[in-house]
Structure formats: structure tokens, C-alpha cells
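As C-alpha cells, the structure follows; a few thoughts come after it.
The values are calculated or read from the model by the stated rules, or taken from the named source; none is laboratory data. Just so we're clear, the structure is a prediction, and the values are computed from it rather than from any experiment. Glycine also receives a Cβ, built like all others from the backbone with ideal geometry; neighbour counts cover every protein chain displayed.
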Amino acid sequence: MRGQALLWHMARAAGATWLIVSVLFLLSHATIDPESQLRDTLENATHPSEAGQRAAATQQLLHRYGLDTPLFYTTWHPQVGWQWHGGQNQYHAWLTQLAHGNLGYSYQADAPVAELLAQALHYTLPLTLLAALLSVSAAVGLTVVLSYRPVGRRWFLRLAHTLQSLPLFLLALGLLLLFANPDALSWFPAFGLSSTAAAEAWQQPGIMLYQLTLPVASLVLSSFPALAIQLDGALQQEFTQPYTATARAKGASQARTAWRHALRNALLPLVTLLTELLPSIVAGSVVVEVIFALPGMGRLIADAALQQDFPVLLGGVGLVAFVRLVAQFMADILYSVLDPRFRIAA
Amino acid sequence: MIYAALLRKHWAAIGWLALVVLAALSAPTASPTPDLANVNQPPFHALHWLGTTPQGLDVGLSLWQGARTVLLVSLPASILTLLLGAALGGAAGYWGNTKWRVGRLKLVGVGITLLLAVAALFYVPVSWLWLGGPLLLGGSWLLGRNHHGATWPIPVDSIVMALIALLNSIPLLVLVVATAAVRPPSVGGVVALLSLTCWPVPARLMRGATLQSSKQPYLEAAWAAGIPTHRILWRHIGPNTLPVLLVRFPLTVAILIGLETTLSFLGVGLPADTPSWGRLLATVRQAPTNWWLIVCPGLAVVGTVLSLQRLSSPPKGPSHVT
């Protein structure tokens with residue numbers, strides 16, 4: 001029974017990923033006419049040449065990018081009616097390529113998409129992983145510690161609500177103004193990651209941590225209030241349950257009741273937030289990466305979108321969608337492990 | 001009476017929002033001329049009380065005009081978001097996967113008509129289609145109307161949830177930036193874009209509320225009594241789910257203000273000459289040490305968002321589970 005449900009989950013996740021990426025591929029390729037775009041760039045880039053030559057060059061470029069075949073298996077022409085193209089179409093070629101583990105080649109940068117993604121992840125993962133870890137632990141720790149201290153909890157919630165109303169870019173700018181400003185406190189570098197090649201190998205993590213302090217801080221400050229508010233609500237809900245009264249009555253301290261009894265039940269809704277957190281760890285943060293000039297995943301995807309570099313855009317978005325489905329899958333399993341009620345329902 | 005109590009409790013929030021609306025209504029429409037003699041002036045300057053930007057634009061005037069953009073973009077966008085979310089979420093919650101059954105003949109008829117219409121697009125001038133399309137569709141619908149044969153259920157719930165999953169699979173900002181890159185920037189485009197990407201949250205809420213209220217005994221009774229669907233939706237489910245939307249409204253406006261300022265900050269979406277708080281904040285990147293360029297528009301954004309959040313918080317303080 002469990003195995004069957006698991007298989008069904010996996011099949012559904014795989015199907016959903018395929019559907020999402022296919023829709024993105026077809027939509028992005030159908031909305032833009034690559035031929036006219038190429039012609040524009042050719043006219044701008046090269047010296048004025050013969051019209052015939054230009055057409056030939058356009059055809060050559062289209063052929064090189066694999067854009068000269070029809071988009072899908074079938075097309076409709078007013079003169080001919082429905083046409084079946086067989087395997088000779090862009091979608092089929094792209095799927096075959098994908099099945100071989102090849103994500104394609106960037107239009108803009110002279111590199112395969114997989115390499116670009118790996119490079120971006122190399123910068124994004126330390127930033128977002130650190131931020132996710134810190135914000136989850138800060139949210140859980142502070143909320144539980146303050147959950148049975150009414151005055152502290154009130155101030156904490158007020159702070160969390162205020163922080164939540166600040167857009168991320170405002171937080172990042174504020175931190176920059178305070179801590180990377182020659183007029184105020186000039187503790188941290190304003191942006192970028194300087195080369196760490198000159199330093200000793202054992203010093204490198206320290207330097208990276210120092211350079212990532214402000215980006216990580218702005219991410220943590222913007223993401224932990226939502227977690228804390230949700231967890232606080234769940235905890236207060238658990239405190240009204242009879243089992244907390246029982247725990248207190250048998251002599252458990254307030255701290256023990258909060259940590260050992262209430263928290264375990266209050267953490268359940270937080271599992272759902274895992275499905276939100278994991279994809280954003282891979283997707284990076286466009287805003288923070290733009291402000292602090294970090295060459296990460298968010299910047300890569302946003303730049304690809306602006307330059308209409310579809311292989312990179314599809315690769316990045318596909319990766320994020322895939323991670324999201326994996327996270328959903330993990331959350332489903334975690335739920336049924338953590339809460340027996342879900343085993344019956346599933 | 002209840003409004004008086006609300007006003008007493010949230011006088012600061014309501015006052016601030018009224019100020020923003022007043023500023024939006026009274027802002028001059030002419031685009032301001034930069035004062036190039038006074039560039040990068042700190043606040044409390046004789047001519048420019050709130051200072052100037054590196055381009056010599058008055059910060060106070062930009063804030064004043066930016067209020068109108070805030071109102072023009074976020075209000076229509078949040079109304080559209082809520083309406084779209086309510087329609088899709090309500091339909092998903094009410095009909096579920098099985099309750100909306102359509103006769104096989106009717107479904108096939110409508111399908112064939114749609115195919116024919118798409119095919120006709122290539123032969124017939126478009127203007128005919130506006131006339132003929134609805135006529136054909138209505139005709140085929142009426143044809144199958146009294147047919148008591150096998151019916152197929154339409155999985156409304158699955159369709160809506162799949163749409164939500166599709167939208168959620170892409171980071172919101174990336175989606176918006178990608179779409180904004182294709183379309184030329186315009187205020188209407190940003191409104192459409194924001195409402196087309198932000199509807200899943202109200203849709204989920206509405207679906208839950210509709211599901212909950214459609215399990216009630218009085219709805220069973222309404223179905224048993226044979227009350228038509230539109231009346232059940234309007235008179236029985238509507239009044240019970242409306243509060244969900246109303247409570248959500250200020251929050252949606254707050255979220256959309258945050259999104260709109262972020263977009264303007266990144267320089268995407270709105271036309272370059274539209275004054276906006278986000279664009280004003282973006283000027284600080286040219287002069288990172290000008291604190292007034294962050295503090296003034298920052299306070300405006302935070303004040304507005306906080307006031308809206310305060311309005312939607314329940315009477316017993318800010319802690320609540322949704």
C-alpha cells in the first residue's frame with residue numbers, strides 16, 4: 001500500500017515536471033519570432049551586406065540553433081490543413097536532448113547551459129543555504145523561547161510584523177547604508193565577491209563568510225518573520241490543548257513543555273513551508289543578487305529572461321520546478337512519517 | 001457605529017492611508033523639471049525640503065507623484081487579483097472534480113464548434129467571428145440541452161489546482177521579469193501581469209471557504225430543494241465566503257505595493273518616466289551614501305504597508321493563524 005502510494009506520487013511529480021517545462025518551452029518559443037530577431041541583430045551587428053547574403057546568414061544561424069524546423073509535431077496551414085512533421089521538430093529535438101542529459105547551449109554566453117547553471121549555483125548555494133539555516137533556527141529558537149514570556153513575545157511579534165512589511169530590497173539597501181558606508185559604519189564590503197585565490201586554503205571559508213554577511217543578513221531578516229509568525233500561531237494553538245495542561249500538571253517546566261511537547265506538534269505546518277523554502281534556495285534571490293552584485297542563480301535567470309536567452313531560462317526554471325517537485329514529494333513523505341493521520345488519508 | 005470604533009482603533013493607519021490617497025488625487029500631472037543647480041542636496045534645503053536626487057529631482061515632489069502610481073497600479077491590480085482568485089477558487093471548491101457534469105453530446109458539440117472556429121480564423125475576417133462565434137457556441141449548447149444521456153464530469157478542481165501549481169513552479173519575480181521583457185512597459189500591462197500572477201493565494205483561500213460552506217446542511221437542503229446553481233452561489237455561498245475576501249483585500253494591496261516597488265526598483269514594468277517610490281529608491285544606487293534617498297521613500301512604503309496590514313489584523317492583536 002505504502003509502496004504503491006509512493007510510486008503514484010513519483011509518477012505524478014514526474015508528469016507535472018514534464019508538463020510545466022513543456023508548457024514553458026512551447027510558450028516561450030511560440031511568443032517570439034526568432035527569425036525577425038536574428039535579422040535585427042544581423043542588421044545592427046554586421047556591415048551592410050546584400051539582402052540575399054543576410055537571408056542566408058539568418059538561415060544559417062537558425063539552423064545552428066535548431067530553430068529552422070517546425071515547433072511542434074503538428075502545425076496548421078490554411079492551404080494544406082493539418083500537417084504531421086514526425087520527429088523533425090524543435091520540441092522533439094529538445095526532448096531528446098533533455099533525455100540525454102544535455103540542457104543545450106546558451107544563445108548569449110559561449111558556454112553550455114549546464115555549465116552556466118553550475119557556476120551560478122556555486123555562488124547561490126552558500127548564500128541561500130546559510131540564510132535558510134539561520135532563518136529557520138532563529139525563527140524556531142526565538143519563538144519557542146518567547147512563547148511563554150508574554151511581554152517579550154508581544155514585542156517580538158511587533159518586530160516581526162514590522163520586518164515583514166519591509167520589502168527585501170529596502171532591507172538590503174538599509175543594511176548597505178548602515179554597515180557598508182564610509183560615512184557611517186564601514187564594516188563590510190558594499191558588493192561583490194573579491195578573489196580569494198591569494199588567501200590560504202583554510203582562510204577561504206572565513207573570507208567568504210565575511211563577504212556574504214550583509215546579503216545573508218538581509219535574506220534572513222526578510223524571511224524569518226513569516227516563519228516565526230506562523231510557528232507562534234501554531235504554538236499558541238497547541239498551548240490551548242489539554243495535553244499541555246497535563247504536562248504542566250505532572251510537573252514539567254514551562255520550557256520543557258514548550259520544547260518537548262508543544263513544539264513537536266507545532267512543527268507540522270512548518271513542513272509545508274519546506275516546499276516553499278527548498279526551491280527558493282536553488283532559485284536564489286534576484287533582488288539581493290542585483291543589489292550586492294553576486295553572480296548567482298537569480299541574476300542568471302533574470303538576465304536570461306531580459307535577453308531572451310531561452311536555453312538558459314528554460315534550464316534554470318526547469319531546475320527550480322524540478323527541485324520544487326522534489327520538495328513537495330519529500331514533504332508528502334515527511335507528513336506521513338510525522339503524523340499517522342496522513343497515512344490513513346493518503 | 002462599527003466604523004467609528006474602527007476609526008478610533010486604527011486612527012493612525014487610516015489617517016496615513018487617507019493622506020496617501022489625498023496626495024495621489026492632488027499630485028500634479030506634469031513631469032517635474034530637474035533642478036540641475038541643486039544636485040544631491042540633503043534635506044532641509046531652502047528650496048527642496050526633502051532633498052534632491054543625483055539627477056536634481058525634488059524628493060518630496062517625486063514622493064507626492066509616486067503616491068498616484070501606487071494607487072493606480074496596486075488598487076486595480078488587487079481588485080482584479082481578488083476577483084480572479086474568487087472566481088477560480090470558488091468554482092474549484094463548489095464543483096470539485098465530479099459535480100459539474102456535462103452531457104456527452106453537448107461537450108462534443110462545443111468541442112467541434114471551437115475547433116471549427118479556430119479553423120475559420122484562417123479563412124474568415126475576424127469581425128465575423130465576434131458575431132458568429134457566440135451564436136454557434138450558444139446554438140450547440142442549446143442543442144445538447146435536453147439530452148438525457150451519458151454525462152462526463154469536468155474536473156474543475158484539478159484544472160485550477162494544476163494552474164496554481166504551474167504558476168507556483170516559477171519564482172514570481174522571474175516570471176514577471178520574463179514577461180515584462182517581452183511586452184513594452186505600460187501601467188496597464190503591469191496591472192494585468194500582477195493580477196495574472198498573484199491570484200493563487202486568494203483562490204486557495206476561496207476554495208477552502210467554499211468547500212467548508214458547501215458541506216453545511218443548509219446547502220444540502222438547497223440542493224435538495226432544486227434551487228438553481230447561480231442562486232445557490234449568490235445567496236447561500238457568497239455571503240459566507242465574502243468575509244474571507246474582504247479581510248484579504250488590504251493584505252493583497254500591501255503585497256502588491258511591495259511587488260510594484262520592487263519591480264520599479266529593478267527598472268522593469270512601468271515606463272521610465274512614471275514617477276514611483278521604487279524608482280526613487282533605485283536612485284540611491286548612484287549615490288550610496290545619500291541616506292535621505294532611502295529614508296524618505298522607505299518610510300512611505302513601510303508606512304503604507306504597515307497601515308494596510310494593521311487594517312486586516314483581527315481585533316485581538318496581531319497574532320493569528322491563517
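General remarks:
- Selection from region B:269-283 of residues that are crowded, with 23+ Cβ neighbours inside 10 Å and within 11 Å of another protein chain (Cβ to nearest Cβ): B:W277, B:G278, B:L281
- Residues in region B:186-223 that are surrounded by 22 or more Cβ atoms within 10 Å (Cβ to Cβ) and not in a helix (DSSP H, G or I): B:W199 only.
- The single condition among (1) hydroxyl-bearing (S, T, Y); (2) part of a helix (DSSP H, G or I); (3) outside the structural domain of A:T257 (by TED's automatic domain parsing) that A:T124 does not satisfy is (3).
- Enumeration of residues in region B:279-308 that are modelled with pLDDT of 75 or more and touching a Pro at 6+ places or on another chain (Cβ under 7 Å): B:L280, B:L281, B:T283, B:Q286, B:W292, B:V301, B:L308
- Screening B:G132 on (1) at pLDDT below 75; (2) within 12 Å of chain A (Cβ to nearest Cβ) shows it passes everything except condition (2).
- Verdict on B:L251 being buried (at least 20 other Cβ atoms within 10 Å of the Cβ) and in a helix (DSSP H, G or I): no
- Meets criteria (of a type in the set (F, W, Y) and under 13 Å from the mean Cα position of the chain (by Cα)) for A:F322: yes
- Subset of region A:120-148 (residues that are of a type in the set (S, T, N, Q) and out of contact with any Phe, Trp or Tyr (no Cβ under 6 Å at 6 or more places or on another chain)): A:T124, A:T128, A:S137, A:T143, A:S147
- Single match in A:P279, A:P215, A:P295, A:P225 (criterion: closer than 30 Å to A:A180 by Cβ and touching a Lys or Arg at 6+ places or on another chain (Cβ under 6 Å)): A:P279
- Figure legend. Inter-residue proximity from region A:156-167: first residues in the same structural domain as A:S223 (by TED's automatic domain parsing), second residues of a type in the set (D, E) and surrounded by 20 or more Cβ atoms within 10 Å (Cβ to Cβ), beta-carbon distance below 9 Å, spacing 6+ or different chains. Indicated pairs: A:F156/A:D232; A:L157/A:D232; A:A160/A:D232.
- Number of the condition not met by A:G298 [criteria: (1) crowded, with 17+ Cβ neighbours inside 10 Å; (2) closer than 15 Å to A:V216 by Cα; (3) more than 8 Å from chain B (Cβ to nearest Cβ)]: (3)
- Among (1) over 24 Å from A:S28 (Cα atoms); (2) buried (at least 17 other Cβ atoms within 10 Å of the Cβ); (3) modelled with pLDDT of 85 or more, the one test that A:L116 misses: (1)
- Residue list for region A:116-136, filter: of a type in the set (S, T, Y) and under 16 Å from A:I229 (Cβ atoms): A:S135
- Subset tally (residues that are surrounded by fewer than 21 Cβ atoms within 10 Å (Cβ to Cβ) and either within 11 Å of another protein chain (Cβ to nearest Cβ) or outside any helix (DSSP H, G or I) (or both)) for region A:137-149: 2
- With respect to being away from chain B (no Cβ under 12 Å) and either modelled with pLDDT of 85 or more or in contact with a strand residue (DSSP E or B) (Cβ under 6 Å, 6 or more places away or on another chain) (or both), A:L134 fits the description.
- Close Cβ contacts (under 9 Å, 6 or more residues apart or on different chains) running from residues in region A:212-241 that are within 23 Å of A:S253 (Cα to Cα) and within 13 Å of chain B (Cβ to nearest Cβ) to residues that are of a type in the set (F, W, Y) and in a helix (DSSP H, G or I) comprise A:A228/A:F156; A:D232/A:F156.
- Candidates B:V126, B:V182, B:V187, B:V177 - the one that is under 31 Å from the mean Cα position of the chain (by Cα), among the hydrophobic types (A, V, I, L, M, F, W, C) and modelled with pLDDT of 75 or more: B:V187
- Residue that is within 22 Å of the chain's Cα centre (by Cα) and not β-branched (V, I, T), where the choices are A:S106, A:S147: A:S106
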